[in-house]
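Everything on this sheet refers to the single structure shown next.
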Amino acid sequence: MVQDPDEDATPERRGPAARWAPRPPYWLTADFWRDLSWRDLAVWRRPGSRFEPGPLGLLGVMLSAMAVTLLLLQTGSGGLGGEQDSADDEPLPVPGPPDGELRIMMVGDSATQGSSGDHTWRYHLWSHLSDQGVEFDFVGPNDDMYSLDDEEPGDRSYAEPDFDTDHAARWGATAQELSTDIAQVAAEHDPQYLLLLAGTEDILAGGGADQALDGVAETVSTVRVVLDDARFVVGELPAVDGTSDDRGVNAEIARFNMGLVDLADQLTSATSPVVVAQVAREYAPAFDNWDATHPNVRGELKIAAAFADALAAPLGVGEAYARPLPELSAGPLTAPEPEYEQTDDGLLLSWKNVPGATDYRVVQRRVEPDPDQAGVIPADVESDEDDRSMLVGSLFSGARYEFVVHPFKGRDEGTESEPLQVTWDAEPPPAPSWVRVHDGGALVTWEDVAGAGHYEVWIRQLECGRDDRDRSLDRRVFTAPRDLAGPRPGNPATDDQEVPDVPDPGVEEPRPTPTQWPEPSRPEPEPAPEPSVPAAPVPGVTCAPQDGRGPEDGDGWRTLGSVGERPRWAASVSGPYEIVVRTHRDYVEGGYSDGVVLSEG
């Protein structure tokens, strides 16, 4: 076997792209090819290199060897070494776009395929090139995204579905895995431009930057077996945020991005350039990812802009993406449409799943009465195929609530639902029945009402009048002389003035003695304030309800407030009162009972 002069160099001296020596490498010199047999070619690999071509890549190397051999035979010169060394140091010219409609194929992993509800960076690039007036066609065997619900491909719920969705990306694929069948895919779809973004999965799986770079190199070499003039744009990897080892993963990603520049330079040929898209330059994973590794709409736009820049210069396809990039809102674009149902267990909110949502939060606030602050309900969202639901408990009957459903894709909040207002359990409870008075008015009880939260007592003073049987006891009115007690001219008696009895005419009225004359009138003292609790009925006076009306339509009623949840009340008043009991359930006011007289035994 021919020994590579760089074999003894240390990895530190060789750097991340050491397996691709500075041009011209030794294996492209005349000495290398004169001494190389086909058996040597069949097992060829650079000593110390981690780049091992697969079967199709090996075929590409063999074809290259044949081309070099023919060149040596025709010229009889020292091959690509010697006098050609100085020319090889100059940059190779980059071929411009071919005539006609450009065929572009995007290859990659989950970042390129996208998942439920995404735009994908494919959409943003399509939109940009369309605005530039570029004639192109996206090609590839797939047109779908990855379904987050079903955990398999086949999702087509694009945020903007009206674009060319063809691609050759696979969710979760490593660069090594993509290289295994890329030649067959390229042969079938014949792309002129192959846009590759891969390597993150290799690093996350522990393969490191070297394995990812090998996968990229293998992809380029195998595609060239069938398309020797394909143009390649290879993307840098964006950093991650939220893995179990961000520091280690991002260190490998940084090594990959540094090695990618050298790799592209080594793989570039006069007819098949390899250009690097500077994806990592503007990417901020904490802001541009919806989870640890997958881009949201902001990250998608940045990836698309980096590839657009690389296509524009040096490949001459369209123009660079204008800066600053537009501000975009991440998260699901479709607003949920919640409905509700009142059940025995609580309020059941339900809605259809919106594309891309991985979680939901329901915000609740009481609108009336006693409005409160909005807050997230600490309850789980249940999933049943395409349906989502949440059971809300601890609501006050009769209160009006507002609910808003917020969809999330990972850490990105999307478009919230319209507010849904619901009055919970507004059916009033029935009135208490069988209200009874015990212990001479000391205790009032009634039948417990199912569903009642508490009871309220209303009272009204009875209307009292004299008993006809004892009317004589109530006629203790002083009889004054007619000239003193009777009405005087110009001052007639009113209806509510008490008029003394007058003797029949012809009966001599006794003249009073001096001691019978009344005392001189004296000012009456101011009446004392009426006590809150009337005195007990006077003997001989009958008290009864004023009318048959209750608190809802009668006069003179007043509430004593809530008396608790038990169907009993230890009377806090005494005297001639009428009692009515009302049911309540939280804010719902129920019916009034029939009235009873407190003094009943």
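The values are calculated or read from the model by the stated rules, or taken from the named source; none is laboratory data. All values derive from a computational prediction rather than experimental measurement. As a convention, Cβ positions derive from the backbone with ideal geometry for all residues, glycine included, and neighbour counts pool all protein chains shown. These area figures cover heavy atoms from the full protein model, side chains too; ligands, DNA and RNA do not enter into them. Shrake-Rupley method; radii C 1.70, N 1.55, O 1.52, S 1.80 Å.
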Q.
One residue is enough: does segment 315-335 have a residue meeting the conditions in a strand (DSSP E or B), touching a residue at least 60 places away in the same chain (Cβ under 8 Å) and open to solvent by 50 Å² or more (accessible area, probe 1.4 Å)?
A. no
(Q) Against the definition (open to solvent by 10 Å² or more (accessible area, probe 1.4 Å), in a helix (DSSP H, G or I) and touching a helix residue (DSSP H, G or I) at 6+ places or on another chain (Cβ under 8 Å)), how does Phe287 come out, yes or no? (A) yes
Q: Could you list, in sequence order, all residues of segment 453-468 that are acidic (Asp, Glu) and touching a Pro at 6+ places or on another chain (Cβ under 6 Å)?
A: none
Q.
Looking at Ala270, Ala357 in this structure, which one is at pLDDT below 95 and of a type in the set (Gly, Ala, Ser)?
A. Ala270
Q: Go through segment 432-452 and give me each residue that's open to solvent by 40 Å² or more (accessible area, probe 1.4 Å), part of a loop (DSSP other than H, G, I, E, B), touching a residue at least 24 places away in the same chain (Cβ under 8 Å) and out of contact with any Pro (no Cβ under 8 Å at 6 or more places or on another chain).
A: Ser433, Ala442
Q. Under 7 Å by Cβ, and 6 or more places apart or on different chains, what pairs join a residue from segment 226-241 that is in contact (Cβ under 8 Å) with a residue 24 or more places away in the chain with one that is among the hydroxyl-bearing types (Ser, Thr, Tyr) and not in a loop (DSSP other than H, G, I, E, B)?
A. Arg231/Tyr193; Val233/Tyr193; Leu237/Thr200
Q: Read through the list (1) open to solvent by 80 Å² or more (accessible area, probe 1.4 Å); (2) modelled with pLDDT of 95 or more; (3) not aliphatic (A, V, I, L, M), then give the number of the only condition that Ser394 fails.
A: (2)
Q: Return yes or no: is Val249 over 23 Å from Ala304 (Cβ atoms) and assigned to a helix (DSSP H, G or I)?
A: yes
Q: Go through segment 209-240 and count every residue that is closer than 19 Å to Trp171 by Cα and under 37 Å from the mean Cα position of the chain (by Cα).
A: 8
Q: Kindly indicate whether Glu218 is over 28 Å from Asn296 (Cα atoms), open to solvent by less than 20 Å² (accessible area, probe 1.4 Å) and either assigned to a loop (DSSP other than H, G, I, E, B) or acidic (Asp, Glu) (or both).
A: yes
**Q.** Selection status of Gly375, surrounded by 17 or more Cβ atoms within 10 Å (Cβ to Cβ) and not β-branched (Val, Ile, Thr)
**A.** no
Q. Can we say Gly242 is surrounded by fewer than 20 Cβ atoms within 10 Å (Cβ to Cβ) and at positive phi?
A. yes
**Q.** For Val233: the one exception among (1) part of a helix (DSSP H, G or I); (2) crowded, with 19+ Cβ neighbours inside 10 Å
**A.** (1)
Q.
Report every pair of residues separated by at least 6 positions or lying on different chains whose Cβ atoms are under 9 Å apart, first residue within segment 364-390 and on the phi > 0 side of the Ramachandran plot and in contact (Cβ under 8 Å) with a residue 40 or more places away in the chain, second outside any strand (DSSP E or B) and open to solvent by 80 Å² or more (accessible area, probe 1.4 Å).
A. none
(Q) Quick check on this structure: which one of Ala280, Ala310, Ala304 is closer than 17 Å to Val234 by Cα, surrounded by 17 or more Cβ atoms within 10 Å (Cβ to Cβ), in contact (Cβ under 8 Å) with a residue 12 or more places away in the chain and in contact with an Asp or Glu (Cβ under 7 Å, 6 or more places away or on another chain)? (A) Ala280
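Okay, residues lined up against (1) polar (S, T, N, Q); (2) more than 53 Å from the chain's Cα centre (by Cα); (3) surrounded by 20 or more Cβ atoms within 10 Å (Cβ to Cβ); (4) within 16 Å of Ala431 (Cβ to Cβ):
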{"site": "Asp555", "(1), (2), (3), (4)": "no, yes, no, no"}
{"site": "Ser574", "(1), (2), (3), (4)": "yes, yes, no, no"}
{"site": "Tyr577", "(1), (2), (3), (4)": "no, yes, yes, no"}
{"site": "Thr583", "(1), (2), (3), (4)": "yes, no, yes, yes"}
{"site": "Asp586", "(1), (2), (3), (4)": "no, no, no, no"}
**Q.** Number of positions in segment 255-272 that are crowded, with 21+ Cβ neighbours inside 10 Å and of a type outside the set (Gly, Ala, Ser)
**A.** 4
Q) Among the residues of segment 166-195 satisfying the criterion of being within 13 Å of Asn142 (Cα to Cα) and acidic (Asp, Glu), which is least open to solvent (accessible area, probe 1.4 Å)? A) Asp166
(Q) Being open to solvent by 10 Å² or more (accessible area, probe 1.4 Å), over 30 Å from Ala452 (Cβ atoms) and not in a loop (DSSP other than H, G, I, E, B): is that true of Tyr360 here? (A) yes
(Q) If I filter segment 410-425 down to residues being within 18 Å of Glu339 (Cβ to Cβ) and part of a loop (DSSP other than H, G, I, E, B), which single residue comes out as least open to solvent (accessible area, probe 1.4 Å)? (A) Ser417
